[in-house]
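Colleague: Could you have a look at this structure, given as structure tokens, before my questions?
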Amino acid sequence: MAKRLPHKQSLPFSIQDRTGGNNDSLLDLSKVQIADGTHDRIAYDSVVFDILLESPERLAAQITLLDLAIFKCILPEELVDCAWTNREKFSTAPHVCAMTQRFNTTCYWVQNEILGKKNIKIRSEVICWFIKLAKKLYDLNNLHALKAVMSGLQCASIYRLSRTWAFLPRKEKIALDKLQDLLTTNRNNENLRKHMNNIQNPVIPYLGLYLTDLMYINAAYSKYDNVKPDSKSIKINNIIRRIASFQESNYDSVESVPYIQDYLKSFKYIEELQSFLEAEYF
């Protein structure tokens, strides 16, 4: 399930130091507890873990369990007054921030795995693997991780690999186009909104869609003093109720695989630069 590579490959990630050290700007997602399944524990090393030797279905299932554990912890007060946008966001909206970190980490994990391969054909195989992963996330209704994986595939550093994309099979290109059509931002994410309104639990929604709506509501109503406060509250409460309904989701049929979860939690998106830029706005 894992083969030893000749050297460490990494881009925008930092491998966690499990022996010590602490970073107050990051939530330690490695401490999120997932109930162990009956699967045997297998030793792993995140440096030599080869995703091509694992099925996309297994990775999609474990990503979903990790996302669900955080998503279910989001409290209504974290969503009121856009608490995740202020300077104390890690204390006022810790779980919203954790979901954002999960999104960023997944997105850059995709880029890391693709750009870490020097051979064009192998890069193409990795892209195909991530498209299959995206399809499995779609099947699991994990739209948050689906959006993250697709964002990684569509970033400039991956999109410009024209020779790599040329090796992509037609079947995977068609699947990619369908997923891109679902996640297009045209008409205020119309396709994604329709899809999210028609699916049933278990679902992990794309949280960014609701966070954007909440920010828009706060910004729009703050401009008009003569607008009834109840109008704003009703719109915000409707979104919070929708999120709460999704939080009732369970993936009881999905078995926990500890060594895959350990691999996924061993990466952290480096936010120091983001924190530095944010300092200019607060």
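Colleague: Starting from segment 80-91, keep only residues that are of a type in the set (A, V, I, L, M), then list their pairs with residues that are open to solvent by 50 Å² or more (accessible area, probe 1.4 Å) whose Cβ atoms are within a distance under 6 Å, requiring at least 6 positions of separation or different chains.
Modeller: Ala83/Thr92
Colleague: Please determine, by comparing only the residues of segment 196-221 that are touching a helix residue (DSSP H, G or I) at 6+ places or on another chain (Cβ under 8 Å) and either among the aromatic types (Phe, Trp, Tyr) or free of Cβ contacts under 8 Å to residues at least 40 places away in the same chain (or both), which one is nearest to Arg102 (Cα to Cα).
Modeller: Only one residue tops the list, namely Tyr206.
Colleague: Look through segment 188-223, keep the residues that are of a type in the set (Lys, Arg) and under 24 Å from Phe246 (Cα atoms), and return whichever of them is most open to solvent (accessible area, probe 1.4 Å).
Modeller: Of segment 188-223, the ones of a type in the set (Lys, Arg) are 193-194, 223.
Next cut, under 24 Å from Phe246 (Cα atoms) only: 193-194.
Details: Arg193: 57, Lys194: 112 Å².
That would be Lys194.
Okay, residues lined up against (1) over 24 Å from Glu78 (Cα atoms); (2) touching an Asp or Glu at 6+ places or on another chain (Cβ under 8 Å); (3) in a helix (DSSP H, G or I):
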{"site": "Lys132", "(1), (2), (3)": "yes, yes, yes"}
{"site": "Lys135", "(1), (2), (3)": "yes, no, yes"}
{"site": "Ala148", "(1), (2), (3)": "no, no, yes"}
{"site": "Leu192", "(1), (2), (3)": "no, no, yes"}
{"site": "Asp213", "(1), (2), (3)": "no, no, yes"}
{"site": "Ile234", "(1), (2), (3)": "no, no, yes"}
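Colleague: Examine segment 156-168 for a residue that is touching a Phe, Trp or Tyr at 6+ places or on another chain (Cβ under 9 Å), in a helix (DSSP H, G or I) and more than 30 Å from Lys118 (Cα to Cα), and state whether such a residue exists.
Modeller: no
Colleague: Further question: Taking Ala134 as meeting all but one of (1) under 30 Å from Ala219 (Cα atoms); (2) surrounded by 22 or more Cβ atoms within 10 Å (Cβ to Cβ); (3) touching a residue at least 40 places away in the same chain (Cβ under 8 Å), write down the number of the exception.
Modeller: Checking Ala134 against (1) under 30 Å from Ala219 (Cα atoms); (2) surrounded by 22 or more Cβ atoms within 10 Å (Cβ to Cβ); (3) touching a residue at least 40 places away in the same chain (Cβ under 8 Å), the one that fails is (1).
Colleague: Here is a follow-up. Restricting segment 52-93 to residues that are outside any loop (DSSP other than H, G, I, E, B), of a type in the set (Val, Ile, Thr) and crowded, with 18+ Cβ neighbours inside 10 Å, which is modelled with the lowest pLDDT?
Modeller: Per the stated criteria, the residue is Thr92.
Colleague: I've got another one for you. Can you list residue pairs whose Cβ atoms sit under 6 Å apart, with the first residue in segment 178-191 being within 17 Å of Ala134 (Cβ to Cβ) and the second being in a helix (DSSP H, G or I) and among the small types (Gly, Ala, Ser)? Count only pairs 6 or more apart in sequence or on different chains.
Modeller: These pairs meet every condition: Leu179/Ala134.
Colleague: Would you point out the residue of segment 110-130, among those that are part of a helix (DSSP H, G or I) and among the polar types (S, T, N, Q), that is modelled with the highest pLDDT? Please lay out each step first, then the result.
Modeller: Going residue by residue through segment 110-130, those that are part of a helix (DSSP H, G or I) are 110-115, 120-130.
Still in the running and among the polar types (S, T, N, Q): 111-112, 124.
Numbers: Gln111: 90, Asn112: 87, Ser124: 95.
Of everything passing the filter in segment 110-130, Ser124 is modelled with the highest pLDDT.
The values are calculated or read from the model by the stated rules, or taken from the named source; none is laboratory data. The structure presented is a predicted model; accordingly, all values stated were derived computationally and were not measured. So basically every Cβ, Gly included, is an ideal-geometry build from the backbone, and we count neighbours across all protein chains shown. Accessible surface is based on the protein model in full, side chains and every heavy atom, while ligands, DNA and RNA are left aside. Shrake-Rupley method; radii C 1.70, N 1.55, O 1.52, S 1.80 Å.
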